[in-house]
Amino acid sequence: MRRAHKPFPFLLLTLAALSSAGCLRSTEPANFYQLQPLTASRQQPANVKPAVVGVGPIKLASYLDRPQIVVAAGRNRLQLDEFQRWSEPLQENLTRVLAENLSRLHPADHVIIYPWRRNDAPELQLEARIDRFHTDGSGVSVLDIAWSISKGGTTVYRKRSNYQATAQPRDTESLVSAQSELLAAFAREAGGALETFRQP
């Protein structure tokens, strides 16, 4: 009678080969990241009248609306790493951090996030559309954003801004820190513009 061959040694060798080749990477834990706000507030001039400032809607390009952190792997190619993810929807994290930045740059203001109740309509509203927000293979992070300010429901200012910051290539922690810097730079510019349209 022919004895059946046990498949276990072959199976173990196959699993070892797959593991060494990276084919079993799905067993690795994912890393989760958040954008962070400015750490310090500034003193607002005493003669500046406080305002109610509304932040949002902040819209994202479709390629950014996903849990994975996006990295440009070439001029026309983007890379998504299943193990490097945002800890919450990017649109929510980004909007909240932008509002926190404005609050710290202009502490006398009352900053609220869209959507708000009709009775809480702000005096000034900052809206934006983010077309690019990623880092390339050389570590250059970019923010390309079209934004506007409305006062009393009427648009009074429009602009497109571009920012760059440097991150360590292939270092996601550094990449996210650079993107937080970009958002802080935008908050400084937008905050300065908002001051122009305050009530006298």
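The values are calculated or read from the model by the stated rules, or taken from the named source; none is laboratory data. This one's a predicted model, so the numbers in the text were calculated from it and none came from an experiment. Glycine also receives a Cβ, built like all others from the backbone with ideal geometry; neighbour counts cover every protein chain displayed.
Structure notes:
- Residue within the stretch 138-147 that is more than 17 Å from the chain's Cα centre (by Cα) and at pLDDT below 95 present: yes
- Checking GLU181, GLU195, GLU189 one by one, the residue that is under 21 Å from the mean Cα position of the chain (by Cα), under 18 Å from ALA108 (Cα atoms) and in a helix (DSSP H, G or I) is GLU189 and no other.
- Any chance ILE130 is within 30 Å of ASP171 (Cα to Cα) and of a type in the set (A, V, I, L, M, F, W, C): yes
- Restricting attention to the stretch 150-162, the residues that are in contact with a helix residue (DSSP H, G or I) (Cβ under 9 Å, 6 or more places away or on another chain) and either of a type in the set (D, E, K, R) or buried (at least 20 other Cβ atoms within 10 Å of the Cβ) (or both) total 1.
- Of the strands (runs of 3 or more DSSP E) that lie entirely inside the stretch 63-120, those containing 3 or more residues that are surrounded by 14 or more Cβ atoms within 10 Å (Cβ to Cβ), out of contact with any His (no Cβ under 9 Å at 6 or more places or on another chain) and not aliphatic (A, V, I, L, M) span 78-86.
- Every residue from the stretch 24-62 that is of a type in the set (Lys, Arg) and either at pLDDT 90 or above or closer than 20 Å to LEU124 by Cα (or both): LYS49, LYS59
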